[in-house]
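Colleague: I have a structure here, written as structure tokens, and I will follow up with some questions on it.
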Amino acid sequence: MNKLCDRLWTFYDKKPPTEKEVTIEWQNIVAEEKSDAIKELSLLSMGQKTVLLHLTQAPDALLTGKESIMSLKMAGSSILAALDGLEEKDMIAKEEAHYQIINPVVRYYVEQFKDRFA
């Protein structure tokens, strides 16, 4: 997100960008960061990938709650291990009882390749 803001400030210092220009810049950033994001995702365990995908689909879910455990088809201890690993890799952050994916480019590619995570 910082990269997008920096780019918009740099290229559109005379007038605010249009919605279309913001979208184009975002698409450029996603394309530029693709190989790094894919590499990061490829190094994750299947459990970590499953948890990331769940975060994109149910960002407000309590991941260690009964519904999430059943939805993920993972033991609570496995979910906690995946969360710990993702936090150590600085891929997710916890705010109160909820987790979120830190890098929006990574989130984008998790959503794009969701069928590979199932």
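Please treat every number below as a calculation from the coordinates, not as lab data. Note that the structure is predicted; figures quoted are calculated from it, not measured. Ideal geometry is used to build each Cβ from the backbone, glycine not excepted, and the neighbour counts take in all protein chains shown.
Colleague: Determine the pairs where a residue that is among the β-branched types (V, I, T), located within segment 28-53, has a partner that is buried (at least 19 other Cβ atoms within 10 Å of the Cβ) and part of a loop (DSSP other than H, G, I, E, B) with Cβ atoms under 7 Å apart, the partner being 6 or more residues away or on another chain.
Modeller: Listed pairs, sorted by first residue: T50/M74; V51/L63.
Colleague: Could you check, for segment 62-79, whether at least one of its residues is under 23 Å from W26 (Cβ atoms), touching a helix residue (DSSP H, G or I) at 6+ places or on another chain (Cβ under 9 Å) and touching a residue at least 24 places away in the same chain (Cβ under 8 Å)?
Modeller: no
Colleague: Now for a different question. Among the residues of segment 5-64, how many are touching a strand residue (DSSP E or B) at 6+ places or on another chain (Cβ under 7 Å) and hydrophobic (A, V, I, L, M, F, W, C)?
Modeller: 3
Colleague: Could you tell me how many of the residues in segment 51-98 are within 16 Å of E40 (Cβ to Cβ) and among the hydrophobic types (A, V, I, L, M, F, W, C)?
Modeller: 9
Colleague: Out of the helices (runs of 4 or more DSSP H) lying entirely within segment 5-118, which hold 3 or more residues that are surrounded by 14 or more Cβ atoms within 10 Å (Cβ to Cβ) and within 18 Å of the chain's Cα centre (by Cα)?
Modeller: Answer list for segment 5-118: 19-32, 34-42, 46-57, 76-88, 104-112.
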